[in-house]
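The structure under discussion appears below in the form of structure tokens.
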Amino acid sequence: MPRLTLDLTTSASLLGTEPELLLQFIQREQIPGVLFFDAQPKVSVFTLANLLNTTPEALMEWLEDEALAEWIEEVNEDEWFEGEAGKELYESVTPVA
């Protein structure tokens, strides 16, 4: 299930600031949608979207695109095998029943 809050560090990064400065801003401006379940607050994606002057849907889509881009980058660095070489590798790591 997707989370509707982000930690302070991630939220600050999205806003282009440091976590300490964001926390000061949240406390000074009494920003709604910030949850203090423990020492570090969680910021609602609805609050972040409002601060960024966008919609929560657009923000979530952008976050998903960024995560997908990171995964693609990781996979691009993987070694690829085709045809017979792929079959041989598969057989070498697959237990024989």
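Remarks
- Distance between the pseudo-spin-label points of residue 15 and residue 63 (7 Å out from Cα toward the beta carbon): 1.5 nm.
- Largest accessible area first, the listed residues 55, 5 line up as 55, 5 when surface is computed with a 1.4 Å probe on the assembled protein chains.
- Probing with 1.4 Å while keeping every protein chain in the model, the per residue accessible area of the chain equals 80 Å².
- Principal-axis analysis of the Cα atoms of the chain puts helix 19-29 at an angle of about 30° to the longest axis.
- Charged side chains reduced to their Cβ positions (Lys and Arg at +1, Asp and Glu at -1) give the chain a dipole of some 880 debye around its Cα centre.
- Distance between the 7 Å Cα→Cβ label points at residue 80 and residue 27: 5.1 nm.
- Computed from the Cα positions only, the extents of the chain along the three principal axes stand at 63, 27, 24 Å, in decreasing order.
- Inter-site label distance for residue 38 and residue 91 at 7 Å from Cα along Cβ, in nm: 5.0 nm
- The relative contact order of the chain, computed from alpha carbon pairs under 8 Å that lie at least 6 residues apart in sequence, is 20 percent.
- Surface calculation, 1.4 Å probe, protein heavy atoms: residue 71 sits at approximately 150 Å² accessible.
- Between 0 and 90°, nearest 10: helix 83-93 axis offset from the chain longest Cα axis: 80 degrees
The values are calculated or read from the model by the stated rules, or taken from the named source; none is laboratory data. Keep in mind the model is a prediction, meaning the values are calculated, not measured. Positions of Cβ are backbone-derived with ideal geometry, glycine not excepted, and every protein chain shown enters the neighbour counts. Note: accessible area is taken over every heavy atom of the protein model, side chains too, but ligands, DNA and RNA are not part of it. Shrake-Rupley method; radii C 1.70, N 1.55, O 1.52, S 1.80 Å.
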